[in-house]
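Data first, discussion second: the structure below is written as structure tokens.
The values are calculated or read from the model by the stated rules, or taken from the named source; none is laboratory data. All values derive from a computational prediction rather than experimental measurement. Methodologically, a virtual Cβ is constructed for each residue, glycine included, from the backbone with ideal geometry; neighbour enumeration extends over all protein chains shown.
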Amino acid sequence: MDALLKTENVKKRYRRGGASGPEREPGAVDGVSLTIFSGTTLALVGPSGSGKSSLARCMSLLEPVSSGKIWFAGREITNLTERERRAVRPNIQMVFQDPANSLNPRMSALELVMEPLEVQKRGNRGILRRAAGDLLGRVGLRPENMNHRARECSGGQRQRIAIARALALGPRLLILDEALSALDCSVQAHIANLLLELQTALGLTYVFITHDMTMAAHLADEIAVMERGRVVEMGAAARIVRAPRQAVTQRLLLAARAMNNVADAPRAV
């Protein structure tokens, strides 16, 4: 199995005005090394401020690292020129937590998926419209909803649009940054199953960022648990869930089980 993305001692620091901040700032990354293999899913799990999203933004070339190295498909990508970064970015796409903030509310579903194809000049408008319609159908959006504006769609529909948009340029790696956490439980399950189907059909590799250990166990081959900018525990998803070694992992599992118990509890009549 080939490594698709690899990080080596990646650090990310954020500047603060005035007096110097604490040794480890919230959201900073403090020397993370990991390997993600083609066709697999790595879940980055941790509490808020543990550095998950900061690491993801470095992996996707949305932010530069402070130090360390990142390789994608065997090529180091940490010190590329902006022109070189633009050539790599179509291969690494992100889906964010709240599509209401990441999608233009005035554009239709078709227009949102067509936009990256138009920017990359992938064909004439007719070709791109058909390609966008095919992608939206693939993620389960009904034809009657494809001309609806993003603001007219439900949360689950918007997330399907965001996934189709991320897939438009044919990426090899999809980074899902809390992409399910804003959805209702039933919608989460549908989108999670869709992600598994797409991975099998398209040979995708995922980095799945979450604080939900239950969903991480469902989707991931491996889980890396982060705390205060560091990976403190990593291994096969089944092992992490069955025999967590770190206190933060144990707390996350207890929180996930408590949430599941609440969701499963009968409602008062």
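Below, the figures for the structure above:
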| read-out | value |
| --- | --- |
| Residue count for the stretch 62-79, restricted to those that are without any contact (Cβ under 8 Å) to a residue 40 or more places away in the chain and farther than 16 Å from Glu8 by Cβ | 1 |
| From Thr249, Thr214, residue being in contact with a helix residue (DSSP H, G or I) (Cβ under 6 Å, 6 or more places away or on another chain) and touching a residue at least 12 places away in the same chain (Cβ under 8 Å) | Thr214 |
| Residues of the stretch 111-135 satisfying the condition of being at pLDDT 90 or above and touching a Leu at 6+ places or on another chain (Cβ under 7 Å) | Leu112, Val113, Met114, Pro116, Leu117, Glu118, Leu128, Arg129, Ala131, Ala132, Gly133, Leu135 |
| Positions within the stretch 100-144 being in a helix (DSSP H, G or I) and of a type in the set (Val, Ile, Thr), in sequence order | Val113, Val119, Ile127 |
| The stretch 96-113, residues that are touching a residue at least 24 places away in the same chain (Cβ under 8 Å) and of a type outside the set (S, T, N, Q) | Phe96, Asp98, Pro99, Ala100, Leu103, Pro105, Arg106, Met107, Ala109, Leu110, Leu112, Val113 |
| Glu178, sole failed condition from (1) modelled with pLDDT of 95 or more; (2) within 24 Å of Gln157 (Cβ to Cβ); (3) touching a Lys or Arg at 6+ places or on another chain (Cβ under 9 Å) | (1) |
| In the stretch 217-251, the residues that are in a helix (DSSP H, G or I), in contact with a strand residue (DSSP E or B) (Cβ under 7 Å, 6 or more places away or on another chain) and not aliphatic (A, V, I, L, M) | Thr249 |
| In the stretch 37-84, residue nearest to Leu253 (Cα to Cα) [restricted to those that are over 19 Å from the mean Cα position of the chain (by Cα) and of a type in the set (Lys, Arg)] | Lys69 |
| Residue that is farthest from the chain's Cα centre (by Cα), among those in the stretch 220-242 that are of a type in the set (A, V, I, L, M) and within 18 Å of Met1 (Cβ to Cβ) | Ala238 |
| Boolean, Lys52 is closer than 23 Å to Glu8 by Cα, in contact (Cβ under 8 Å) with a residue 60 or more places away in the chain and buried (at least 21 other Cβ atoms within 10 Å of the Cβ) | yes |
| Unmet criterion (only one of (1) within 21 Å of Val88 (Cβ to Cβ); (2) in contact with a Ser or Thr (Cβ under 6 Å, 6 or more places away or on another chain)) for Pro171 | (2) |
